[in-house]
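Chemist: Can you keep this structure in mind? I'll have questions shortly.
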Amino acid sequence: QVQLVESGGGLVQPGGSLRLTCVASVSPFSTNPMAWFRHAPGKQRELVASITSRGTTYYIDSVKGRFTISRDNAKNIVHLQINSLKPEDTAVYYCNLLPPLTNYWGQGTQVTVSS
C-alpha cells in the first residue's frame, strides 16, 4: 500500500530556511519520478519541483535558485531544501509520484513564512 509521509515544515521568518522530508512507501521507489507540490490558501495545488530516477531535476520559475530537491533511493526519502523563504511560499507542502497518485496524498507539512 502506498504511503507518503511529509515532515519538516514550520513557521519561519522571511529569508529563513527549512528542509522538508518525505518518506515514501512506494515499491519500487528508485525507478519512480518524485515531486513536491504545494497548496496555498485560495489557490490550486501546484507542482513545485520534481526529480527523476536518475536525478534530473525540474523547478518552477518562482523557486529556482532557492529550492533544491533530492532523493535517497536507499531510504525511500525525498527532500526539499527551501532557502530564502518568502511569504508567498506559505502553503501546505506534499510529496507524491510524478504524475501524482491522486488517491494517495499524504497529510502534507505546513510551511508558514511570516515576520
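Chemist: For 105, 36, what's the largest-to-smallest order of accessible area, 1.4 Å probe?
Modeler: 105, 36
Chemist: Rank these by accessible area, largest first, 1.4 Å probe: 61, 72.
Modeler: 61, 72
Chemist: Taking the Cα centre as origin and putting +1 on Lys and Arg beta-carbons and -1 on Asp and Glu beta-carbons, what dipole magnitude results for the chain, to the nearest 20 debye?
Modeler: The calculated dipole for the chain is roughly 120 debye.
Chemist: Something else: Going Cα to Cα from residue 43, which lysines come in below 25 Å? Please leave out same-chain ones fewer than 8 positions away.
Modeler: 64, 86
Chemist: Quick one: compute the contact order of the range 1-101, relative version, from alpha carbon pairs under 8 angstrom and 6+ residues apart, as a percent.
Modeler: Once normalised by length, the contact order is 35 percent.
Chemist: Roll a 1.4 angstrom probe over the protein heavy atoms and tell me the percent of accessible area of the chain that is carbon or sulfur.
Modeler: Reported share for carbon and sulfur atoms: 48 percent.
Chemist: Counting only heavy atoms of protein chains, what accessible area per residue, in Å², does the range 11-106 have with a probe of 1.4 Å?
Modeler: Roughly 52 Å² per residue, with all protein chains present.
Chemist: While we're looking at this one, here's another question. So how long is each side of the chain along the principal axes, counting just the alpha-carbon atoms, biggest first, in Å?
Modeler: 41, 26, 21
The values are calculated or read from the model by the stated rules, or taken from the named source; none is laboratory data. Source: prediction; values computed, not measured. Note that we place each Cβ from the backbone using ideal geometry, even for glycine, and neighbour counts take in every protein chain shown. The protein model used for the area step is the full one, side chains on, heavy atoms only, and it has no ligands, DNA or RNA in it. Shrake-Rupley method; radii C 1.70, N 1.55, O 1.52, S 1.80 Å.
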